[in-house]
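Student: After the structure tokens below, expect a handful of questions from me.
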Amino acid sequence: MMEQERIDTLYEKIKKQAEGSGYFLNPDAQFAKDLVEGLLVNDERYGYMLCPCRLSSGERVKDLDIICPCDYRDADITDFGACYCALYVSGKVVKGEQEVQPIPERRDSGAKERLPIWRCKVCGYLCARENPPEICPICKVGSDRFEKFL
């Protein structure tokens, strides 16, 4: 069992970073802390905070896409309301307007295609992803304030 103080400290750090960037942690704090404990266990085991719901190759270079927050977080939140392990959730989940549902694994979904670039019309923030973020991590406006760039 991991020391509770370490779990609580990392949980608060991740929560603060998430909220400061327009993301939300699972509103079930105990569930989220259990996942944070898994991140700490994996950090001790592998030397990096691998998603606690995925299997590691044991080689950082092969696991880069599943180090928390993983490369699939944003698409999973957009499509299903939560990331694969449900540590990060959408605003609709936080408000009780959407339930977290099972999420299919995207990791081995084939060739990577070029993602569109989205630009925040308010602050100019750029991101390459399938859809604009729910909230701009810089100026906090909603996704409706983004436009495709180029």
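The values are calculated or read from the model by the stated rules, or taken from the named source; none is laboratory data. What you see is a predicted model; the values in this text were computed from it and never measured. Cβ atoms come from the backbone with ideal geometry, glycine included; neighbour counts cover every protein chain shown.
Student: Does any residue in segment 1-20 that is under 14 Å from Phe31 (Cα atoms) and loosely packed, with under 12 Cβ neighbours inside 10 Å come within less than 7 Å, Cβ to Cβ, of a residue that is modelled with pLDDT of 95 or more and not hydroxyl-bearing (Ser, Thr, Tyr) six or more places away or on a different chain, and which pairs are these?
Tutor: Pairs found: none.
Student: Hey, another quick one. Taking the criterion of being in contact (Cβ under 8 Å) with a residue 24 or more places away in the chain, within 17 Å of Glu134 (Cβ to Cβ) and surrounded by 17 or more Cβ atoms within 10 Å (Cβ to Cβ), would at least one residue in segment 28-39 satisfy it?
Tutor: no
Student: Kindly indicate which of Leu115, Leu64, Leu87, Leu126 is modelled with pLDDT under 90 and among the aliphatic types (A, V, I, L, M).
Tutor: Leu115
Student: Could you run through segment 13-55 and say how many residues are assigned to a helix (DSSP H, G or I), farther than 17 Å from Val94 by Cβ and either under 14 Å from the mean Cα position of the chain (by Cα) or not small (Gly, Ala, Ser) (or both)?
Tutor: Result for segment 13-55: 12.
Student: Kindly list the number of the only condition in (1) assigned to a loop (DSSP other than H, G, I, E, B); (2) surrounded by fewer than 19 Cβ atoms within 10 Å (Cβ to Cβ) that fails for Val61.
Tutor: All conditions are met except number (1).
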